[in-house]
Amino acid sequence: MTREEAIHKITEEYQNIQTREINRLRARENEAVKIDPEIGRLLSLRASLPMKSMRLAMEDKAHAQEIAQTMRETGLRINAEIRSRLVSASLPEDYLKLHYECPVCRDTGYTDGVPQKMCQCFTKRIRVLTREDEGLEALKKQNFSTYDENRIPDAPVTPGGATQREITGRIRELCEEYADQFPNTFKPNLMLLGEAGLGKSFFLSAICERVESRGFEATLINAYKLLEIMRERHFHIEGGEGDFERLLSCPLLLIDDLGCEPMLRNITQEYLFILINDRMTKGLHTVIATNLTPPAIKERYGERIMSRLCDKTVSDSVRLVGKDLRRI
Ligand SMILES: [Zn+2]
């Protein structure tokens, strides 16, 4: 699920919660009125106050403030009377208060204030929904301890006679060492090259899992999702700016499938450059998996991005070769 889809879905959920709670409140009101009809009279009196207040203020504009104040006081007196009647009826004092699942945003998803901000309950729910779909939980099972070399063909794949299993095994060691030494890796960046199905995503997940298990913060993201965040940043879509800032500053960023995302004018190249350049300037660690070759990277993203990604002073790159493991 994309972030936008999640926001749409959650907004609906919150509207349903609000409707449900209003219906529940109406049911409690009916219950209370059955026990004490005077409560019903007080409730309609209270409900008529805002209109009455407005009408009086229009008729007598000079005293609008006093009228508003009187109405507020009347409202408070009515509330007190309702509460004491509820208690006499052996009901809880707050029986006729609207309930909220989140008192902070009152189930609107947004906190008061200008500019409005997404409530934490809302952003948390977005994370759950967008992650569920990416199957990140399934990815977490991909770690160095579930690496099974027997699944990898042991036939020579290079002119020198090295087998796919040997080459993949060496890359596995390099990735594990990178994860174990983070943040004191030999070089801050690592590029995993090679065609689809050779295990790049597996190694990315495994590095992420190991680094997190060592107590460091790591963010694994695929290029589609990355582009979505860059697009939100570009168009100043609510929440998108914070997401992009987090990618700029997280200690380890792992980007999967770079090159599979669509090219959006003024966005893909521009923000990818900002991201990579900014992280390199700060000395932050980035691991990228791509099935593009360096010349293809240059053709797709331009010289600036290629030269940074393939800068041997800060970046190690390894290439997986052999048969697509998903087809064996
Ligand atoms: Zn909330």
*Does region 94-129 hold any residues that are in contact with a Leu (Cβ under 7 Å, 6 or more places away or on another chain) and either within 14 Å of the ligand (Cβ to nearest atom) or under 18 Å from N16 (Cα atoms) (or both), and which are they?*
L98
_Failed item, numbered, when P50 is tested on (1) touching a residue at least 24 places away in the same chain (Cβ under 8 Å); (2) farther than 30 Å from Q120 by Cα; (3) not charged (D, E, K, R)_ = (1)
*asked:* Can you tell me which of (1) polar (S, T, N, Q); (2) in contact with a Phe, Trp or Tyr (Cβ under 6 Å, 6 or more places away or on another chain); (3) more than 16 Å from V211 (Cβ to Cβ) is the one T185 doesn't meet?
replied: (3)
*Report the residue count in region 147-167 for those that are among the charged types (D, E, K, R) and exposed (fewer than 15 other Cβ atoms within 10 Å of the Cβ).*
4
*Name, by its number, the condition in (1) surrounded by fewer than 14 Cβ atoms within 10 Å (Cβ to Cβ); (2) free of Cβ contacts under 8 Å to residues at least 12 places away in the same chain; (3) more than 30 Å from G109 (Cβ to Cβ) that does not hold for N16.*
(3)
_So, in region 56-89, how many residues would count as being at pLDDT below 90 and exposed (fewer than 12 other Cβ atoms within 10 Å of the Cβ)?_
6
*Please specify each residue of region 183-228 satisfying the condition of being in contact with a strand residue (DSSP E or B) (Cβ under 7 Å, 6 or more places away or on another chain), charged (D, E, K, R) and modelled with pLDDT of 90 or more.*
K187, K200
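The values are calculated or read from the model by the stated rules, or taken from the named source; none is laboratory data. Every value quoted in this text rests on a predicted model; they were computed, and no experiment measured them. Here Cβ is always computed from backbone atoms with ideal geometry, including for glycine, and neighbour counts include all displayed protein chains.
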